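Here's the structure we're looking at; comments come further down.
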Amino acid sequence: MNTALTPAEAAQAPVLPGNPEAKSDAHSAATDFLQIESIVLNLDASLRVHARPHFFSWTQGLLQSLIRHELLICTLCLGKPPAFRADGFSMTTPEPSVFSDAFLRDTAVAPGLLKAWEERRYQPVILELNGQNSIGSGAFMRELERLGAPQLLVHGVHDADGRAISLFIFACRAGGAGPRQAYLAQLLAPSLHAAWIRTQLRARTEGTEEKPGGGSILTVRELDILKWIYLGKSNFEIGAILKISPLTVKNHVQKILRKLNVVNRTQAIGKSLELRILNP
């Protein structure tokens, strides 16, 4: 008779006092079960990505449960020798484009990371930020140090000839990138690539259409408040940051909602991302 417990049963099974081994086994089974569930949820979420705001919501939301990061830079490698196109995504900073711009301006960074990945036979690369590695000590490294993300986890997708198609760079806090995260990056890379490519196709199609002029809808003060809303700050917190009263912040928020023709803060963020008023 088979008396082995399933992961779900192990997670719910009572643990007898004074039996640390049983406690450890139950905890391990529960952790494994939750991780598998999180992986499945992430794979499913990736299928729902069809535009840049969707990609942002997935990578800076649910994906954080598997690979915790302060910044994600997605890079397309075009041609041979490759030219690079990059975009940054972050919930930590309202201006991730600063990082993607620095990433491209420091001409040693993208080729250095790509070379490190190729030399490891396309296995994930974990790099510590210091002057001894391939990314040098330019503006990109300084921005990462300012962000407090001294570890890079790098993995990508290549074609049948071994040419890199895309490269994903997770900037993590100290100790945030290890063997488990490297394995998860391998597992998720095809889904990251497919979702990211769909956003590029959508962006190219939309580029041929007339876009709404959202850039001048909001005042400078309203844009400041919108960025802090995007970072999850309350009216009280925004007021403290901007040195204005919470009531004044509330009035500005109501104006933002009216101008964007939305009914709540969540919809305001989605609409502003769609109109490129915010650039995560």
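Sorted ascending by nearby beta carbons within 10 Å, beginning with the fewest, Leu201, Leu192 become Leu201, Leu192. Between Asp32 and Arg180, full extension at 0.36 nm per residue minus the direct alpha carbon distance yields a gain of 52.1 nm. Give me the net charge of His158's neighbourhood, meaning all other residues with Cβ under 15 Å from the Cβ of His158; Lys, Arg count +1, Asp, Glu -1. That works out to +1. Normalised by residue count, the range 49-121 yields a Cα convex hull volume of 116 Å³ per residue.
Cα extents for the range 52-206 along the principal axes, largest to smallest and rounded to whole angstrom: 39, 33, 31.
Label-to-label distance, Ala51 versus Ala160, with points set 7 angstrom from Cα along the beta-carbon direction: 3.5 nm.
Enter the mean projected area of the convex hull around the alpha-carbon atoms of the range 214-274, in nm², rounded to one decimal.
Details: hull surface 14.4 nm².
Projected over every direction and averaged, the Cα hull of the range 214-274 covers 3.6 nm².
Can you tell me the order of 47-54, 148-155 when each peptide is scored by its average per-residue count of other Cβ atoms within 10 angstrom, highest first? Please report the intermediate quantities before stating the final value.
Working: 47-54: 16.8, 148-155: 21.5.
The packing order, highest mean first, is 148-155, 47-54.
Here, each number is a calculation from the coordinates, and none is a lab measurement. No experiment lies behind these values; they were computed from the predicted model shown. Neighbour counts are summed over all protein chains in view; Cβ atoms, including those assigned to glycine, are modelled from backbone coordinates with ideal geometry.
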